[in-house]
Amino acid sequence: MPTEASAQLKAFSYLCPMIKFEKFTLNNGLRVLVHEDKSTPMAVVNVLYDVGARDEHPEKTGFAHLFEHLMFGGSKNIPVYDEPLQVAGGENNAYTTNDLTNYYCQLPAENIETAFWLESDRMLSLAFSKKSLEVQRKVVSEEFKEHYINKPYGDVWHKLRALVYTTHPYKWMTIGASLKHIEDAELQDVKDFFFKHYTPSNAILVVAGNVETANIKLLAEKWFGSIPAGEKYNRNLPEEPKQTAPRFAEVKANVPLDALYKAWHIYPRTDPRYYIADLITDIMSGGGSSRLFQSLVKEKKLFSSIDCYHLGSTDAGIITIDGKLVKGVDIREADKAVEAEIIKLKRDGISAAELEKVKNKTESAMAFEDMSVMNRAQSIAMYELLGDADLINSELSKYQSVTAEQILEEARIIFDENNCSTMYYLSDNSQQN
Amino acid sequence: MIDRKIAPPIKDAIDYTLELKPYELYSLDNNIPVYTIHAGAQEVIQLEFVFFAGNCYEQQKGIAAATNFLLKNGTTKHNAFELNESFEYYGAYCNRSCYNETAVISLHTLTRHIEKLLPVIQEMLTDATFPEDELDTYKQNSKQRLKVNLQKAEFVAGRLIDSYVYGEQHPYGTYTIPENLDNLTVENIRNFYRKYYLNGQCIIFAAGNIPANLKQLLNAMFGKLAVSKPTNSLPNNKTSPAKERIYRVENDPAAVQGAIRLATPFPNRHHPDFKKVVVLNNVFGGFFGSRLMSNIREDKGYTYGIHSYIQNHIQQTGWFISTEAGKDVSEAAIREIYKEMQRLRDEKITDDELLLVRNYMIGGILGELNGPFQIMAKWKNIILNNLDANYFYDSVNEIKTVTADELQALANKYLQPEKFYELVVY
């Protein structure tokens, strides 16, 4: 239906102003993208390194994230990162995922050179301080305990990843497969990791906010231009083989409620079918009128909460359904009821109104996301990492072009029983009612 | 060659003039005030209906939150599914939140859908039915969520420390137990709804890309309702702070961390010390470069994070310190917290550190004024706390001018260990 599609595209271009940016590459391979927005007094400097937990050695997991902490422990010419930035009225943070490591700061636009100075020095070389490593090993161990040990259901993803992935490094969590890997990290590991992954050609610099592109070009050349190119890291990860039979695991833990987890392999982020899979998760859950919530929480009263989502990972990811059971419900019965919803989707597909609903949701979510210049800067970096920052402006039309037929077809492929891993996470404290 | 050891020159953030974009204010026919901020490039809008229907008005524990939550779970014309569908079809979000004084219904949507969504909100605010079956599901799911939360040391610690500071009978110190949920009835909820929503007090805040006809739309939908303009008189709840000062609680024998909370009662935003103490709090534990963070995380590695903050309460409040630390280093972490209090009492903050904190805070505010929702959040805070219209500028001025002597005096006045409750939940 070309007319309908073009009408939607027109509406889109009217509602979501193009996100404009300019791109250039320095001689050492550093990609720089500038997005001007004169409505804010601030500037954002975002440095994305193309390295995540998937690039780790299986015996040294959690390292990409530990390394992120060490990036704040002083660089070659600057003893500490945070203080000079704070003096300049800025603040910053960073995060690591299985795919990437991202550093961002925001400061008054007139002080932007401070961010160039700080970011370029730690790209040039870290100080490799022993004390910083010792302290951050402890800090990350406490982070590990706080989020993954000392919390009910904290180890779910540790176990689920290990069930779903046999080969690909997505089989461990970003925080690491065990505390021991973090405690054992040595200074030589830190140096090796830095020179392997923290090179200009492995990084993307995005500058956004109240800035002039011409000035950013000068600053980028001045501060980053002289950093040696280093050796290009070529990623060569083992591919996850196609799953050919259902997998099952049962866990008993000190939690108050039984929980059900089901996961199915989907497509890499750049695959055109990614958008279809993404919309499928929105049809299944995400609001009071979504399928799983209405059927399993409200009508059948089997779950007290249930969600369907994917993590947006770069390599082939998974769709997960994750629900906590109403006390007293047999988990096999709950599992069957989830299966029944999946069978219904695979048999009947979705209505035109349902499709329109999830597309509207996508459009709305993007508009709210684009309100902040920080989010825009991070999106630009993310899309550049995927291959082309321009993808940011064609994303919505890709969602708009998904059809109900495609959803039906992909639901049948993704929700194949041989593509499914199921985990029963059961409460072992039987004394509670 | 550039000399990388030399920092580029900066403009001190305190040399910036900050401006909080003024709101527009009008009243609907029934005198309900509407505050609007028209700003931003995206075609989106945020509408908040703030009712004085929070916890502190309840006669029965849990009723304010239940009433607020169930507003979207049925009217005489539509059931919960249909109400949700009417928002979600347009990609809009209608959320409910219940606080101590206020209870809020908020709408986030692309501006072009607003006319289709306001009638649904009107239905919720005039015709909610609170079906028995919906209440049963709410009770069951809330109890289950509570059960999971009670296994988290940080959740348990948060409840306990509040009850020490304000007393278990005070709305800020009270907490829900499963029996409170069991005792909720449809009839009591309908009565609460009648009193605090149908005939309650309301303020409307609108921010984002405001359509030209918003006033007419709001007036047509909400201008005839029996709700009235807030009177600014809040129920007078008396605190009854705990007598004991020090607590150790075991929640999980297998715990590997302790949830540490320290807290002392503190006056509200109208107190003359408040704005200066906000600066002192930043030095102490308010940001990544604070004393607590530098010492207990960045030097000792006892924790992933440690923060101090003044709770966001209207009537009276408390000054809190919060961290999760390894079980074996929890007591050491507490000793270090007291040491940092002592340093602030005994030694004057240096000019360099004070300038850093001033610049950091001003830079932060500059960043927060970026976008209509954040601007409105600042105004909402001023309006709901019944503060002077100049409060924002006075606070900024205080950040720029407060002296090290004043901060030291305030540290001596407030940061005294014997004034702090001290709790570790393992």
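A few points about this structure:
- Among the residues of region B:105-140, those identified as under 24 Å from the mean Cα position of the chain (by Cα) and buried (at least 19 other Cβ atoms within 10 Å of the Cβ) are B:Ile105, B:Leu107, B:His108, B:Thr109, B:Ile121, B:Leu125, B:Tyr138.
- Within the option set A:Arg161, A:Arg137, being within 14 Å of chain B (Cβ to nearest Cβ) and in contact with a helix residue (DSSP H, G or I) (Cβ under 8 Å, 6 or more places away or on another chain) holds for one residue only, A:Arg137.
- Annotation: A:Thr101 fulfils all but one of (1) β-branched (Val, Ile, Thr); (2) surrounded by fewer than 24 Cβ atoms within 10 Å (Cβ to Cβ); (3) within 25 Å of A:Leu219 (Cβ to Cβ); the unmet one is (2).
- Helices (runs of 4 or more DSSP H) wholly inside region B:308-399 that include at least 3 residues being without any contact (Cβ under 8 Å) to a residue 12 or more places away in the chain and within 11 Å of another protein chain (Cβ to nearest Cβ): B:351-368
- The listed residue being farther than 22 Å from A:Asp322 by Cβ and either among the β-branched types (Val, Ile, Thr) or within 14 Å of chain B (Cβ to nearest Cβ) (or both), out of A:Ala259, A:Ala220, A:Ala253: A:Ala220
- Across region A:286-316, the number of residues qualifying as modelled with pLDDT of 95 or more, under 30 Å from A:Gly52 (Cα atoms) and either within 14 Å of chain B (Cβ to nearest Cβ) or crowded, with 22+ Cβ neighbours inside 10 Å (or both) comes to 3.
- Candidates B:Glu123, B:Glu168, B:Glu134 - the one that is assigned to a loop (DSSP other than H, G, I, E, B) and at negative phi: B:Glu168
- Restricting attention to region B:171-182, the residues being free of Cβ contacts under 8 Å to residues at least 24 places away in the same chain and either of a type in the set (S, T, N, Q) or in a helix (DSSP H, G or I) (or both) number 1.
- Residues that are in a helix (DSSP H, G or I) and without any contact (Cβ under 8 Å) to a residue 40 or more places away in the chain within region A:290-312 comprise A:Phe293, A:Gln294, A:Val297, A:Lys298, A:Glu299, listed in sequence order.
- A:Asn111 falls short on exactly one of the conditions (1) of a type in the set (S, T, N, Q); (2) under 23 Å from the mean Cα position of the chain (by Cα); (3) within 10 Å of another protein chain (Cβ to nearest Cβ), and that condition is (2).
- Just one of (1) aliphatic (A, V, I, L, M); (2) at pLDDT 95 or above; (3) closer than 30 Å to A:Asp37 by Cβ fails for B:Ala65. It is (3).
- Extreme residue, modelled with the lowest pLDDT, among residues of region B:248-282 that are within 12 Å of chain A (Cβ to nearest Cβ) and over 19 Å from B:Ser163 (Cα atoms): B:Ala254
- Evaluated against (1) in a strand (DSSP E or B); (2) under 26 Å from B:Val357 (Cα atoms), A:Lys23 falls short on exactly one condition, (2).
- So B:His113, is it closer than 25 Å to B:Gly371 by Cα, in a helix (DSSP H, G or I) and within 14 Å of chain A (Cβ to nearest Cβ): yes
- Hey, A:Tyr424 within 28 Å of A:His35 (Cβ to Cβ), among the hydroxyl-bearing types (Ser, Thr, Tyr) and either in contact (Cβ under 8 Å) with a residue 60 or more places away in the chain or not in a helix (DSSP H, G or I) (or both) or not: no
- Of the residues screened, B:Ile105 is not one that is at pLDDT 95 or above, assigned to a helix (DSSP H, G or I) and within 30 Å of B:Asn213 (Cβ to Cβ).
- Qualifying position, being within 28 Å of B:Gly40 (Cβ to Cβ), of a type in the set (D, E, K, R) and surrounded by fewer than 15 Cβ atoms within 10 Å (Cβ to Cβ), among A:Glu405, A:Glu417, A:Glu369, A:Glu395: A:Glu369
- Test: residue in region B:100-115 that is hydrophobic (A, V, I, L, M, F, W, C), closer than 11 Å to A:Gly287 by Cα and either touching a residue at least 60 places away in the same chain (Cβ under 8 Å) or outside the structural domain of B:Phe373 (by TED's automatic domain parsing) (or both): no
- A:Lys151 of a type in the set (Lys, Arg) and assigned to a loop (DSSP other than H, G, I, E, B): yes
- Residue that is surrounded by the fewest Cβ atoms within 10 Å (Cβ to Cβ) [pool: residues in region B:48-79 that are within 14 Å of chain A (Cβ to nearest Cβ) and either assigned to a helix (DSSP H, G or I) or aliphatic (A, V, I, L, M) (or both)]: B:Phe69
The values are calculated or read from the model by the stated rules, or taken from the named source; none is laboratory data. In this text, all values refer to a predicted model and were calculated from it rather than measured experimentally. Ideal geometry is used to build each Cβ from the backbone, glycine not excepted, and the neighbour counts take in all protein chains shown.
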